[in-house]
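As structure tokens, the structure follows; a few thoughts come after it.
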Amino acid sequence: MSIVWQMNNNAEYLSELKSSDLSIRPAMHWEVQDILRLLRSAMVTYRTLGQIPEDRLDISTETSRDVLKAIKSGFVFVAVDPNDQILATARLRFMPLNRMHPVSLVNFPQLSAQEQVAYFTRFAVDQRFRGIGIGSKMLDTCEKIARDEGLRAIVLHTAISNESVAGFYLRRGYTTDSVDLSRGYPRGFFVKIL
């Protein structure tokens, strides 16, 4: 019996898995298709809950080549179970704040527009494993990496109309800096000082 069958069909496996059973590591090039499949699946739920038109999310045009390029850059991470099955993924990019739009920084006078920050993006958790701390563990890891790199802030965009996702970040100490409507839906720019 394969672990994939077990994960899909074994309620006991699903109910007993805890975030402490996971490890977070850099993604490998052979995991491109699994990562892309997870991202696309998670974005359907994200889009539905946020009432976002399908063509407004850039993940809809992302290809295997794009994912592979991101993996080669070294900042695509996966959360895996003891059998090395991918349960979550995220990307972390280091970039200056002024490359993001819009950025007001009204609530963050300690940050300059040219400051390097960690940009948390392409975050997805397998729907079968939500609510057990995988997302929190992934975000904690990325925040630690950013701190270890000497960065003072981590930032992200998310649909503020998706209350469960926006609430997740707010509960974890993020603050909405600004809202962008350029993609056809209210997209919040969230900041957390590390």
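Calculate the spin-label point distance for ASP140 paired with ASP180, positioning each point 7 Å from the Cα along the beta-carbon direction, and give it in nanometres.
My value for the distance between the label points is 3.0 nm.
To the nearest 500 deg cm²/dmol, what mean residue ellipticity at 222 nm is calculated for the chain from DSSP H runs of n ≥ 4 alone, each contributing -39,500 (n - 2.57), summed and divided by the residues? Mind showing how you got there, number by number?
Values: 6 runs with 65 residues, N = 194.
Mean residue ellipticity at 222 nm (helix-derived): -10000 deg cm²/dmol.
When mean projected area of the Cα convex hull in nm² is calculated directly from the model, which label among [x] 14.4; [y] 11.0; [z] 15.3 fits?
So the calculated entry is the one marked [y].
So for each of 165-172, 31-38 I average, over its residues, the number of other beta carbons within 10 Å; can you give me the resulting order with the highest mean first? Could you put the intermediate results ahead of the total?
Working: 165-172: 15.4, 31-38: 17.8.
The peptides rank, most packed first, as 31-38, 165-172.
Can you give me the long-range amide H partners of TYR119? Hydrogens built in the peptide plane at 1.01 Å from N, cutoff under 5 Å, separation of 5 or more residues or another chain.
ARG93, PHE94, MET95, VAL155
Any read-out appearing in this document is the output of simple, stated calculations on the displayed coordinates, not a laboratory observation. A quick note: this is a predicted structure, and the numbers were derived from the prediction, not measured. Note that we place each Cβ from the backbone using ideal geometry, even for glycine, and neighbour counts take in every protein chain shown.
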